[in-house]
Every structure is written in structure tokens, then in C-alpha cells.
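First the structure, in the form of C-alpha cells, and then the observations on it.
The values are calculated or read from the model by the stated rules, or taken from the named source; none is laboratory data. Just so it is clear, the model here is predicted, and its values are computed rather than measured. Cβ coordinates were reconstructed from backbone atoms using ideal geometry, including for glycine residues, and neighbour counts include every protein chain displayed. Side chains included, ligands, DNA and RNA excluded: accessible areas come from the protein's heavy atoms. Shrake-Rupley method; radii C 1.70, N 1.55, O 1.52, S 1.80 Å.
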Amino acid sequence: MSDTTAQQAESKSLFAEHEKIHPLKVSGLYRKIKWFFLINMLAAYYIAPFLRWDRGPDAPGQMILFDIPHRRFYFGPIEIWPQEVYYFTGILMVASLLLFLTTAVAGRVWCGWWCPQTIWTDMFVTVERWIEGDRRKRIALDKAPMSLGKFTKRFIKHSAWMVIAWWTGGALVLYFADAFELVRGLTNDVAIFFTQILTLQLPSAPIHLGAWIWISIFAGVTYLMAGIAREQVCIYMCPWPRIQAALTDTEALNVTYRYDRGEPRNSVKKSVKLAAAGQAAGDCIDCNQCVWVCPTGTDIRLGMQLSCIDCGLCIDACDNIMSKVGRPKGLIAFDTDLNIERRLKGEKNSFRPVRPRTLTYLFAMFLSIGLIGWSLATRAITGINVLHDRNPLYVEEGDGSVRNGYTIRMLNMERKTRSFTLDVSGLQGAVISKVSEGVFVFEKSDKGSFIVEIGPDTTRELRVLVVLPAGRTISKSQPILFTAQDLETGEKLSRSDFFKGPGN
Ligand code: SF4
Ligand code: SF4
């Protein structure tokens, strides 16, 4: 950064009084990139809940579903149970590493192109521009006293924002229930409401009250964040810019004002005169277009700043100006301060996307993906867990036998009922004497073992008593093995625990 720009940057306080930002419309490559991501990500967001996935007759057929009442998350063929929440942690880890990688390569492009806050703010500003006009008209409207025209424009704008916010919240709830059914249910609620109003009846509470409440909450948050708070979310609320400083380095590309080429700034006429007189004249004509198009009001000429989301719109604005004044494009570009220093020393530009930092992120990311994939591919879809009674640890019966109590939880993640024999081994003479579930007591089969059925997609919690007959020597604690064997496939599930006794 040059000395003058450094001084200017220092003089701009993070806590300076907030000025309303009125971004100017701009066209160019980066604007197109932003439109591309905006359209595709919104389309994916609204379409995804309606995509189907056949999981069989007893399972939900929605491709992406957060089934809170049944505590399941469905993503295509993957079904995550509550005890497998670590998969979410893994996915978040991969997402974070991807974010670190993109930051190390090209700065905050996540913030500028993909972040939902950016996308929704962009959409809200576009609607505002359609209704109130571009930057100059919006500033004039802000300053103008309230009139019928101003009130009408403001009313239309806020109504349009509310509609978008409403659809945003409306789409989000569709990820938590069957989308088609919920849409039918909500439409029915609306029909009932209007029928009651038209027949002069007091409107009753909607059938899907919970969904309506959540839609209202999500809609309110969207309206507030994208319509009112806008860039302040990025500058003051989001922790990412603060973390980013630790993830970037001098080799990372960022939207950069090439002060080596731009300074000293002058009007076109003055710079022509200076050049004719053999004096230094930069390419920046101080037109402020780069500042006016910026959605966060950043003056990138002051150097890299926390408020810059690397969206690239100032590049478009400056390129358009450079084309108009007949100078080469790229006065603002994705570049590094290191390159500026290199150029000032007469050296060549250099960009190293492959370096230890990016390779580390890439390796960690693929390792995490591999581990998640391997864990998903090999995960057990049935399971057994054993919990020994804490109090009493054992019971000595009147006939001299010793009894231990256990809680056994058996899990069947398959979509069909499975039957298991339940046995115990590892301690000679020890047998299962009773298996119960609540008040229901299981009976022994003809072959002398207990058979337990686990319904599809179910967990069953059993109370199991193990008895060691009188006359057996028992130490204080001896290992014991519970085994459940599938009657149909012969698959065995085992879990070890301890049998406690009064011995030494
Ligand atoms: S748009 Fe380009 S020429 Fe205009 S002020 Fe910004 S950097 Fe200078
Ligand atoms: S300074 Fe440029 S890249 Fe940064 S947020 Fe503003 S317009 Fe986007």
C-alpha cells in the first residue's frame, strides 16, 4: 500500500458513523459471475425440497429431509441417526477446509459470490433498484421529504422485500417436512382463512400453526438481514473476516487496487498535461465509480480491508472506466500486494496457487472426505449396546446364586424386521434368566434361548438378568460377552461387559 493510501486507511475508523450504502448498478464479468451463482443457488434452494428419493414404502421419499419428529436426517441414499451426529461435524469440517482453501487461493470469494447473506442482499438491492431507481435517484429519494410518491415507492419496496422474505422462510420449512404435503396443507390453511373471512367468521388457528410460526421467524430474519442490516452483517456481525486474517497469506489473491499503476491520481485532462510535462501521472482518474458500485461502501484504493468481500464489482466498474478513457483494464484486479512490490522493483508478477498452505488444506479436506466416505460405507446398520446396573451391582439370591442386571439397547437401521437370539458367554454357568421390556416379559424359545424381534428402523431397550448358579466361584468382576445372532442371516452382534460378584 502506498503511504498516502495507508494514511487514509488508518484515518477510517471501524466505528465511524454508519452511512447508508446505495450501490450503483454495474455490468461486467464479475457481475455476471455473481448473477450466475445467485440464480443457480436460489434455484437449487427452492427446487431441492421437491426432489424425490425412493427409500421403500415405509420411508420418506424426499431427497433432503430433516425429520425432526423421528430424529432422522435424509440426504439421498444416506440416512443419519441422532447418534451419528458426528457425520454433520465431518461435513462441517470439510466445508470449513474448502473455505480455507478458497481463501488461501482467491481471498473471500465465498463472501462475495456464495454466501447466503450476499445473495439475498444482492436480490433485495436489485428489487430496490427496480422500484426506486439507481444510486443517484435513491440518494435523492432518501433526502426528499415524505410525499405520496415517496411513500408509494417505499411501500412497494418493503412489500416486495416481505414477499421475498416470506418465500425464503416458506422454502426453508419444506426441508423439515414432506414438501408436497406441507405445500398442500399450507394452501388449505390459506383457503380456510379466506373462507372464514368472506363468510364473516372469526378465523380459527391454522392447522399447520407450527409451520406458519417458523415461516414468520425465517421471513423476519431474512427481511432484517438482507433488507435492513445488509453490509453491516458482513462488516460487524460476521466472524469470518476476523478469522480470515489467520488463513490468508501474502500469496493469496485478493481484489487489489494496483497503486503502482494508479497513483498519483488525477483527472484525465490533468494526467495528460502531467505526462506531457514529463511528470508522473497514474491511471486512476479518481472517478469514485469503484466506491459507488461497492455493496459494502469500501474504497479498495485504501488497501485490503475487513469490509471488502472480494465480490469483484469494483473491478468491473474500473475496467469500464479504463475502457472509456482508453487505458488498459486491470487497474483493480485479483492480485497480491507482493506482486505490487515485485513490479515496483521491476520484477515479474508471480502467483503460486500450489504452495504448502493450499496443499495442507487440500490434503486435510480429501482426508476428511475419505474418512467420512469410508465410515459411511462400512457403518453397521444394526447394533447392540450394554449397560450394567449401577445399583445394585449384583444381588445374592437366597439359593446362593448371583444375579446381575443389564440394560441392552438393540438397533435395527434396516427397513425390515429382524429377529435375533440373545445369549451370554464367557463365564461358565452364567445364563440369561429373564428378558423384559417394560411390563412385557419375553418367553424362552423351545431351544432354550430368548428371541428378540427388532422392527424396521427401530431401537429396542431391553432389561436383561444374568444368573450364575450357586456353587460357582466368582471374583469381584469377570468379563462376559452378550451376543445377538440374526436368525435369518446368522450375522452376529457382540458386546462385552462385566459380571460382578461378592468375591475378591
Ligand atoms: S474506478 Fe478506477 S479510475 Fe475510478 S476511482 Fe476507482 S480505481 Fe480510480
Ligand atoms: S471493494 Fe470491490 S471487491 Fe471489495 S466489496 Fe467492494 S466492490 Fe466488492
Checklist entry - Which of the residues belonging to the range 23-39 are assigned to a loop (DSSP other than H, G, I, E, B) and either surrounded by fewer than 17 Cβ atoms within 10 Å (Cβ to Cβ) or touching a Cys at 6+ places or on another chain (Cβ under 6 Å) (or both)? => result Lys25, Ser27
Next on the checklist: Looking only at the range 234-289, count every residue that is closer than 21 Å to Met322 by Cβ, part of a helix (DSSP H, G or I) and without any contact (Cβ under 8 Å) to a residue 12 or more places away in the chain and tell me the total.
Outcome noted: 7
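So that you can scan it fast, the table gives a plain yes or no per residue for (1) within 30 Å of Tyr86 (Cα to Cα); (2) more than 13 Å from ligand 1 (Cβ to nearest atom):
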{"site": "Gln289", "(1), (2)": "no, no"}
{"site": "Leu302", "(1), (2)": "no, no"}
{"site": "Leu306", "(1), (2)": "no, yes"}
{"site": "Ile332", "(1), (2)": "no, no"}
{"site": "Arg342", "(1), (2)": "no, yes"}
{"site": "Thr358", "(1), (2)": "yes, yes"}
{"site": "Leu362", "(1), (2)": "yes, yes"}
{"site": "Ala380", "(1), (2)": "yes, yes"}
{"site": "Leu387", "(1), (2)": "yes, yes"}
Checklist entry - With (1) farther than 30 Å from Thr421 by Cβ; (2) within 33 Å of the chain's Cα centre (by Cα); (3) of a type outside the set (A, V, I, L, M, F, W, C) as the list, and Pro328 as the residue in question, which single condition is left unmet? => result (2)
Checklist entry - Of the residues Gly312, Gly278, Gly303, which is within 14 Å of ligand 2 (Cβ to nearest atom), over 20 Å from the mean Cα position of the chain (by Cα) and modelled with pLDDT under 95? => result Gly303
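Taking the condition open to solvent by less than 40 Å² (accessible area, probe 1.4 Å) and either of a type in the set (Ser, Thr, Tyr) or not assigned by TED's automatic domain parsing to the domain that holds Met410 (or both), does Ala364 pass? Even if it seems obvious, please write down each step before you answer.
On the way: open to solvent by less than 40 Å² (accessible area, probe 1.4 Å): yes; either of a type in the set (Ser, Thr, Tyr) or not assigned by TED's automatic domain parsing to the domain that holds Met410 (or both): yes.
Yes, satisfied.
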Checklist entry - Just checking, which of Ile215, Ile207 is of a type in the set (A, V, I, L, M, F, W, C), open to solvent by 50 Å² or more (accessible area, probe 1.4 Å) and away from ligand 2 (no atom under 16 Å from the Cβ)? => result Ile207
Checklist entry - With (1) touching a Cys at 6+ places or on another chain (Cβ under 8 Å); (2) more than 8 Å from ligand 1 (Cβ to nearest atom); (3) open to solvent by 10 Å² or more (accessible area, probe 1.4 Å) as the list, and Asp310 as the residue in question, which single condition is left unmet? => result (3)
Checklist outcome for this item: Taking the range 290-316 and keeping only residues that are of a type in the set (Asp, Glu), in contact with a Leu (Cβ under 9 Å, 6 or more places away or on another chain) and assigned to a loop (DSSP other than H, G, I, E, B), one is left with Asp310
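Could you list, in sequence order, the residues of the range 370-422 that are hydrophobic (A, V, I, L, M, F, W, C), in a helix (DSSP H, G or I) and closer than 20 Å to Glu491 by Cα?
Restricting attention to the range 370-422, the residues satisfying the condition of being hydrophobic (A, V, I, L, M, F, W, C) are 371-372, 374, 376-377, 380-381, 384, 386-387, 393, 395, 402, 408, 410-411, 413, 420, 422.
Add one more test, that the residue is in a helix (DSSP H, G or I), and what stays is 371-372, 374, 376-377.
The answer is Leu376, Ala377.
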Checklist entry - Within the range 360-379, how many residues are touching a residue at least 12 places away in the same chain (Cβ under 8 Å) and not basic (Lys, Arg)? => result 10
Checklist entry - Restricting to the range 137-161, what's the tally of residues that are open to solvent by 50 Å² or more (accessible area, probe 1.4 Å) and in contact with a helix residue (DSSP H, G or I) (Cβ under 6 Å, 6 or more places away or on another chain)? => result 2
Checklist entry - Are any residues in the range 455-497 basic (Lys, Arg) and either within 28 Å of Met413 (Cβ to Cβ) or modelled with pLDDT of 90 or more (or both), and if so, which ones? => result Arg460, Arg463, Lys492, Arg495
Next on the checklist: Please determine whether any residue of the range 162-176 is part of a helix (DSSP H, G or I) and hydroxyl-bearing (Ser, Thr, Tyr).
Outcome noted: yes
Checklist outcome for this item: Considering residues that are over 17 Å from the mean Cα position of the chain (by Cα) and open to solvent by 20 Å² or more (accessible area, probe 1.4 Å), the number found within the range 88-120 is 2
Checklist outcome for this item: With criteria (1) within 25 Å of Gln244 (Cβ to Cβ); (2) away from ligand 1 (no atom under 11 Å from the Cβ), Cys318 comes up short on (2)
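State all residues of the range 194-248 that are among the charged types (D, E, K, R) and in contact with a helix residue (DSSP H, G or I) (Cβ under 9 Å, 6 or more places away or on another chain); if no residue qualifies, say none.
Matches in the range 194-248: Arg230, Glu231.
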Next on the checklist: Being among the small types (Gly, Ala, Ser), outside any helix (DSSP H, G or I) and modelled with pLDDT of 90 or more is the filter here; which residues of the range 40-84 pass it?
Outcome noted: Gly61, Gly76
